[in-house]
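Student: Sharing a structure here in structure tokens format.
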Amino acid sequence: MRKSPKDVLDSVRAVTRRGILLGAIQAAVIGTLAWRLRSMQIEHADEYRMLSDGNSIKFRLLPPVRGLIHDRNGIVIAGNEQNYRATITRELAGEIEPVVERLRHLVPMNDAQAAELIANIEKRSAITPVSIGEHLSWSEFSSIAVNAPALPGVQPESVLSRVYPRQGDFAHVLGYVGRVSDYDLSKMENPDPVLMLPEFQFGKVGAESKLEPILRGKAGIRKVEVNAAGREMRELSRQEGQQGATVQMTLDAGLQNYATQRLGEESAAAVVIDVTNGDIMAIASNPVFDPNLFVRGISSADYRALMEHDHRPLADKTVQGLYPPGSTFKMVSLLAGLEAGIINEGTSFFCNGGLEVSGRRFHCWSRGGHGHVSAVASLQKSCDVYYYEVARAVGIDRIAEMARRLGIGVEHDLPMSAIASGIAPDRAWKQDRYGQPWVVGDSLNAAIGQGFVLASPLQLAVMCARVATGRQVVPRLVRAIDGIPQAVPEFADLGLSERNLQITRRGMDAVVNSAAGSGARSRIMNDDWRMAGKTGTSQVRNITAAERARGVTRNDQLPWNRRDHALFVCYAPYQAPRYAVSVVVEHGSGGSTVAAPIARDIMLYALAGGLPPLTAYPDSQRRQIEEMHRNMRLFAPVATSGQERTRA
């Protein structure tokens, strides 16, 4: 049926309205899409670019600043210095070989070093940065930074590295840090992720190792954006880590330096303890080594030289070295006899140069003998026969018990590596160790510090401190952490008779301050600093009957490693003890001639708080002492810097 003109007009109008409506809707949709597209492409381009890239946001650990170590006066003895380095991350670098080849034009690297670097990169996780070089020069560092666009995955960094400004003075007590090795990680159950950072330094030995948990600090985190080539575009956020604690040691840098210098070229050790609080003021082992060599990676030649040196510079003789204490042990035997009530101050034994026991002659160091000897004179003259008699009467078990009470045969708890406990032998010990019964000859040898008895220089200093005070002095090395002083316990009484202690102290006083004393040459002339001590000489070889018959070979005629050890222990001032000192000189031949003068000089430096006045020395020695001090390489105090602040 044919539509009328009116119907046709209405249909056209309806179609037009629908078209306009549909067009409007389409225009609105297109406009919205265009506006949204503009917003995504222009206003929020960075945000959506990161979302589209997915893995372009990286979280990276920031190594914490290692805590500083100060001496008791605030002098830095383990600090941090600027270290320019570069790392490479395999995930971001892509093809490793081309990147390493380009690096070789910027950083000196031979074929072997390049191959080792590539092998190290491939061995590590793809996301773990690997060090390209440490302690780069500014020229090398800036060249890498300028060429960063051509070095994907390579990141130049300015970090802090450990440094020991006093070089070898504290090498044995502080130890050193080094990079974390695969072996180190294998010994840890759940290693801190920060240890995986390239060339991260942690304590290897010494206080650096023992105090690692508080010195390390806590890592920070960086959130960064990287492009498809692995190049870091920008830092999105940063959370700084927590610096390790600042540790203040009880050590005195000046005294430690002086003790090290005074030991000279000897293979020796010296320990200084403040008897009032147990503070170790100095603990020096000679020869020293430079721990900075280990921080930067010691060369094979340098390490071999240290290992092959006959004086064993890597060994800490103060706590690891064990020596027959010789006559310095006689205070232990004397106190054991006095406390047992078997001898007293007036007890006298006759010395004719030796004592026959069980068909064997035990010799005194004086072939002609000392005649009648009392308790005080037994120390003054260091008569061996007197102590043979004491040992026969007292027995080894009482002597061993007294030794342990005075700190020998005890492992003292200090933040140092491989602290030895020494040996204070008794009947049970020999049966357990050798499956043999104790015999009287063992007791006689032990009573004069020979035979099975072994002690470290630290233990000898503790022994002397306890004799001087009558209290259970406990050594300590840490004085404060982040400015918070560590508690000093009140030392318990040893439970020894004060009368018996006074007898022993008078004997030690006579050793140094009487004309017939074995340590008379090391007397201190200042009465306010009057020193009491005991010499010791311990054999390291057996002397045969044939050798005694023809005359014992003098030490200076023997090879160095067959000579006797020289020892000396002392405390001062005599009436009000402040410091105890022990010195052991390996193969030094004589305690009175070698060890005693060293200990006296170290004691004087401690008492004077610096180089002592020449008037403290005997007239005949002053010129020699002045010359010696002039030739010493003594450190001057080092001012603190901005890097040396604590985290407190």
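The values are calculated or read from the model by the stated rules, or taken from the named source; none is laboratory data. Keep in mind the model is a prediction, meaning the values are calculated, not measured. Here the Cβ is made from the backbone with ideal geometry for all residues, glycine too, and neighbour counts use every protein chain on show.
Student: Do any helices (runs of 4 or more DSSP H) entirely within the range 248-320 hold 3 or more residues that are crowded, with 23+ Cβ neighbours inside 10 Å, and if so, which? Give the derivation first.
Tutor: Values: elements: 253-263, 292-296, 300-308.
So the answer is 253-263.
Student: Just give me the residues in the range 366-384 being more than 15 Å from residue 518 (Cβ to Cβ) and assigned to a helix (DSSP H, G or I), in sequence order. Reasoning before the result, please.
Tutor: At the first step, the residues of the range 366-384 found to be more than 15 Å from residue 518 (Cβ to Cβ) are 367-369, 371-372, 374-375.
Once the filter is applied, which keeps residues that are more than 15 Å from residue 518 (Cβ to Cβ) and assigned to a helix (DSSP H, G or I), the range 366-384 yields only 375.
Student: Another one. Mind counting the residues in the range 447-471 that are in a loop (DSSP other than H, G, I, E, B), out of contact with any helix residue (DSSP H, G or I) (no Cβ under 6 Å at 6 or more places or on another chain), in contact (Cβ under 8 Å) with a residue 60 or more places away in the chain and surrounded by fewer than 24 Cβ atoms within 10 Å (Cβ to Cβ)? Can you show your working first?
Tutor: Filtering the range 447-471 for residues in a loop (DSSP other than H, G, I, E, B) gives 448-453, 456, 470.
From the residues that got through so far, the ones that are out of contact with any helix residue (DSSP H, G or I) (no Cβ under 6 Å at 6 or more places or on another chain) too are 450, 452, 456.
After this cut, where a residue has to be in contact (Cβ under 8 Å) with a residue 60 or more places away in the chain as well, the list is 450, 456.
With surrounded by fewer than 24 Cβ atoms within 10 Å (Cβ to Cβ) added as a condition, the list becomes 450.
The total comes to 1.
Student: For the range 315-323, check the following and say yes or no: at least one residue is over 26 Å from residue 407 (Cα atoms) and not acidic (Asp, Glu). Working first, answer last.
Tutor: Our first condition is that a residue be over 26 Å from residue 407 (Cα atoms); within the range 315-323, this holds for none.
No, the conditions are met nowhere in the range 315-323.
Student: Go through the residues of the range 386-405 one by one and say whether even a single one is of a type outside the set (Lys, Arg) and within 28 Å of residue 173 (Cα to Cα). Full working, then the answer.
Tutor: Residues of the range 386-405 of a type outside the set (Lys, Arg): 386-391, 393-397, 399-403.
With the extra rule that they be within 28 Å of residue 173 (Cα to Cα), the set shrinks to 403.
Looking through the range 386-405, at least one residue is of a type outside the set (Lys, Arg) and within 28 Å of residue 173 (Cα to Cα).
Student: Of all residues in the range 321-343, which are aliphatic (A, V, I, L, M), touching an Asp or Glu at 6+ places or on another chain (Cβ under 9 Å) and assigned to a loop (DSSP other than H, G, I, E, B)? Explain how you work it out, then say what you get.
Tutor: Taking the range 321-343 as the starting set, the residues that turn out to be aliphatic (A, V, I, L, M) are 322, 331-332, 334-336, 338, 340, 342-343.
Filter once more, keeping what is touching an Asp or Glu at 6+ places or on another chain (Cβ under 9 Å): 336, 338, 343.
Result: 343, single match.
Student: Is it the case that some residue within the range 380-391 is touching a helix residue (DSSP H, G or I) at 6+ places or on another chain (Cβ under 6 Å) and farther than 22 Å from residue 503 by Cα?
Tutor: Filtering the range 380-391 down to residues touching a helix residue (DSSP H, G or I) at 6+ places or on another chain (Cβ under 6 Å) leaves 380, 382, 386-388, 390-391.
When the remaining residues are screened for being farther than 22 Å from residue 503 by Cα, the result is none.
Within the range 380-391, not a single residue is touching a helix residue (DSSP H, G or I) at 6+ places or on another chain (Cβ under 6 Å) and farther than 22 Å from residue 503 by Cα.
Student: In the range 613-648, which residue that is within 27 Å of residue 565 (Cβ to Cβ) and assigned to a loop (DSSP other than H, G, I, E, B) is modelled with the lowest pLDDT?
Tutor: 633
Student: Still on this structure: Filter the range 385-427 down to the residues that are among the acidic types (Asp, Glu) and part of a helix (DSSP H, G or I) and list them by number. Give the derivation first.
Tutor: Step one: filter the range 385-427 for residues among the acidic types (Asp, Glu), giving 389, 397, 401, 411, 413, 426.
389, 397, 401, listed by residue number.
Student: Name the residues in the range 485-518 that are in contact (Cβ under 8 Å) with a residue 40 or more places away in the chain and among the acidic types (Asp, Glu), would you?
Tutor: Selection gives 509 alone.
Student: Among the residues of the range 517-538 satisfying the criterion of being under 30 Å from the mean Cα position of the chain (by Cα) and more than 13 Å from residue 571 (Cβ to Cβ), which is modelled with the lowest pLDDT?
Tutor: In this case the residue turns out to be 538.
Student: Go through the range 56-75 and give me each residue that's over 23 Å from residue 136 (Cα atoms) and part of a strand (DSSP E or B).
Tutor: Result: 57, 58, 59, 69, 70.
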